[in-house]
1. Filter the cross-link list A:140/B:120; A:140/B:29; A:69/A:290; A:88/A:290 down to pairs whose alpha-carbon distance in this structure exceeds 27 Å.
2. Output ³J(HN,Hα) for segment A:241-251: one whole-Hz value per residue in order, computed from phi by the Karplus curve 6.51 cos²θ - 1.76 cosθ + 1.60 with θ = phi - 60°, and x for Gly and Pro.
3. Of A:267, A:273, B:103, how do they rank once you tally other Cβ atoms within 10 Å and put the fewest first?
4. Can you grab the distance from the C-alpha centre of segment A:217-289 to the C-alpha centre of segment A:70-122, Å, no decimals?
5. Enumerate the aspartates and glutamates that residue A:215 could reach by cross-link, defined here as Cα to Cα under 17 Å, with residues fewer than 8 away along the same chain left out.
6. Calculate, for residue A:70 and residue B:33, the FRET efficiency according to 1/(1 + (r/R0)^6) with r their C-beta to C-beta distance and R0 41 Å; round to the nearest 0.05.
7. Fewest first, what order do B:32, A:213, B:61 take by the number of other Cβ atoms within 10 Å?
8. By how many nm would the segment from residue A:206 to residue A:85 lengthen if fully extended, with 0.36 nm per residue of separation less the alpha-carbon distance?
Amino acid sequence: MRLQSVVFLSLGVVSSFLISSCNDDRKSTDNEPQELKTHVVDSTSAINAEFEGKIFSIPSPVQTAILLKQASGSFNAELINPAENADKYSTTYSRALNLGVYGADLGYATLFGQQKESMNYLKALQTLADGLSIAGAFDKSFAERFERNMNQQDSLLIIVQDAYRTGDNFLKNNKQKDISSLILAGGWIESMYFACQLNALQSNPQIIERIGEQKQSLETLLSILSGYNTDNMNDALLNDLNEINDLFKEVQFSYTFREPVTDASNHITTLNHDSSVIMSDELVVAITEKISALRNNIIG
Amino acid sequence: MNKLGLFFFTLSILFFSYSYSQDCDSIVKICENQLRNDTNGSLFVSDGQVYQAFINDEIAEFKTTFFGGTTYRIVASAGSADNYVIFTVYDPENRVLFTNKDHKNAPYWDFKVNSTIPVKIETQLDMDKKVSGCAIMLIGFKK
């Protein structure tokens, strides 16, 4: 009994210290999202975080949106998930997936200078983030920064991606990697949907190449979703993605090494290899159909 | 172990845990600054993820794709000093394309990518400088 008392006493003393330290910390950084700072109280949260190798890296949906802007030229409002749908996503699963979807939509709208659409997506993001306990990443200060930089496209993309990174960091530190994985999946699926649909409207070799280049990203995504399949909630999604992955196995990637050139004074290396993607028209159509069905199922 | 010993043992474990968590958060901020530290005036957009590991003598590895027509920045840090982390980039045939070990463990490096390439990135602590701790990596890109 006395032994327990000592342990509880020491825990109490240290907890008090930790909480008071956190409060001090909070005072010094009032500009930062308050909710996200609470994870510091859970002092062991990051101890078990692993690097998790291959299961981590999915390309940002914004990257695909940049290519689509270069390749397709004009904004297509038919492609995006209407922001007003945000209210109908009531489960953690659907909120997380659609937070990823809306991130891609916001990136797409921002790149094309669609200010009204962008503001609507901001509200949609806040609604979903609220339901996922990462409201701090998309709070009032985020919206204010976004509005202040409305005419600076590059700054807007940085602000949005910073917010997603803040949310990602919070979820990972709080052992909610299952939610973080679904957000990534939603973003990847939506950006693939954009690429496939734009190519279906007007065939474009650049876009087809970018679709084929997603082969490794899909394998990575499957690893993530399998690894964080809490209560088998990802089973149906995994089934659909595995079917798409079967199609991707037919994509051929050719690679020829050429010596990279490093400019040490400017901290930059130029990769000079040659590479290309080979996939049949039928394969592109089959992937387009599967992606479209999956995406429409996600947005409801 | 007597009661006082147990008290200090518990205290030290919790202090260590707390310090570690604080450590990781502060390292993320160091990496964020490096991601924005572009002398050419253009800005890198984060890929939206934080790559975090607690490593000692092992090598952390992950695969990603560098898309053609893009310049990427890899930032790695494990603390206040710039040179704790060694990172190495391999091509699909496991050939070394770059290692910051050849550049005094530079905390960030840019990669101009003309044609898409799947790469493997290995990260480890430089054991001469730090033997264990939280390591953070961020990836940014620009058009």
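Every number in this text was worked out from the coordinates using simple rules, so none of it is lab data. Everything numeric in this text was worked out from a predicted model, so none of it was measured. For neighbour counting, all protein chains shown are included, and Cβ atoms are generated from backbone atoms with ideal geometry for every residue, glycine included.
1. Violating the 27 Å Cα-Cα cut-off are A:140/B:120.
2. Result, ordered by residue: 5, 5, 5, 5, 4, 4, 5, 5, 4, 7, 6 Hz.
3. Ranked by crowding around the Cβ, least crowded first: B:103, A:267, A:273.
4. Rounded to whole Å, the Cα centres lie 23 Å apart.
5. A:190, A:240, A:243, A:246, A:250, A:281, A:282, A:289, B:91, B:93
6. 0.85
7. Listing B:32, A:213, B:61 from fewest to most nearby Cβ atoms yields B:61, B:32, A:213.
8. Once the chain is fully extended between residue A:206 and residue A:85, it gains 40.4 nm.
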